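Report on one structure; see the data block that follows.
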Amino acid sequence: MRRYVSHLSLVLFVCITLFTLYSFLFPFVAGSPFQGLWFAAILLLSPVGILLALVSKYRGSLSRIGITAIVGHSMLLLFLVLYMTLGYLILGV
């Protein structure tokens with residue numbers, strides 16, 4: 001069962017990443033309810049993905065899929081912080 005939880009965390013990471021890329025490549029029209037959904041998805045679902053990967057420990061060690069999911073979700077959170085700070089201060093986004 002723990003193996004499936006780590007796979008679920010990795011699938012969650014891939015879905016959030018693909019949706020974020022889609023929303024940057026093909027931006028939604030102004031006023032669309034999907035316009036800021038990538039922001040909320042990273043902010044709310046990445047900590048859940050990290051916790052799922054940490055719960056999937058088997059005999060005190062993580063699998064490669066769990067490590068990949070933790071690193072991926074951490075990079076998404078880092079991207080969000082950098083986008084919010086550097087994008088606003090330097091790029092004016």
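The values are calculated or read from the model by the stated rules, or taken from the named source; none is laboratory data. None of these values were measured; they are calculated from a predicted model. FYI the Cβ positions are ideal-geometry reconstructions off the backbone, even for glycines, and counts take in every protein chain you see. Heads up: the accessible areas ignore ligands, DNA and RNA and are worked out on the full protein's heavy atoms, side chains in. Shrake-Rupley method; radii C 1.70, N 1.55, O 1.52, S 1.80 Å.
Annotations for the structure displayed:
- What the Cβ-Cβ distance of VAL71 and SER32 gives, at R0 = 30 Å and to the nearest 0.05, is a FRET efficiency of 0.45.
- Loop-located chymotrypsin sites (Phe, Trp or Tyr not before Pro) in region 22-89 (DSSP state other than H, G, I, E, B) with a sparse environment of at most 13 neighbouring Cβ atoms within 10 Å: PHE34.
- Here the Gaussian network model covers the chain, with springs between Cα atoms less than 10 Å apart; of SER61, SER74, SER46, SER61 fluctuates the most.
- Using just its DSSP H runs of length 4 or more, each adding -39500 (n - 2.57), the chain gives a mean residue ellipticity at 222 nm of -25000 deg cm²/dmol after division by all residues.
- Only protein atoms count toward the accessible area here, which uses a 1.4 Å probe; on the chain, the carbon and sulfur part of that area reaches 76 percent.
- Scattering curve values for the chain, log₁₀ I(q)/I(0), Debye with Cα scatterers, q = 0.24 Å⁻¹: -1.14
- GNM top mover of ALA40, ALA69, ALA30 - the chain, alpha-carbon springs below 10 Å: ALA30
- To the nearest 10, the accessible area of THR68 is 70 Å² with a 1.4 Å probe.
- The mean accessible area for residues of the chain, using a 1.4 Å probe and ignoring ligands and nucleic acids, is 70 Å² per residue.
- For VAL29, the accessible surface of its heavy atoms amounts to roughly 110 Å² (probe 1.4 Å, protein chains only, rounded to the nearest 10).
- With at most 16 other Cβ atoms within 10 Å, longest stretch of the chain clear of loop trypsin sites (Lys or Arg not before Pro) (DSSP): 1-56
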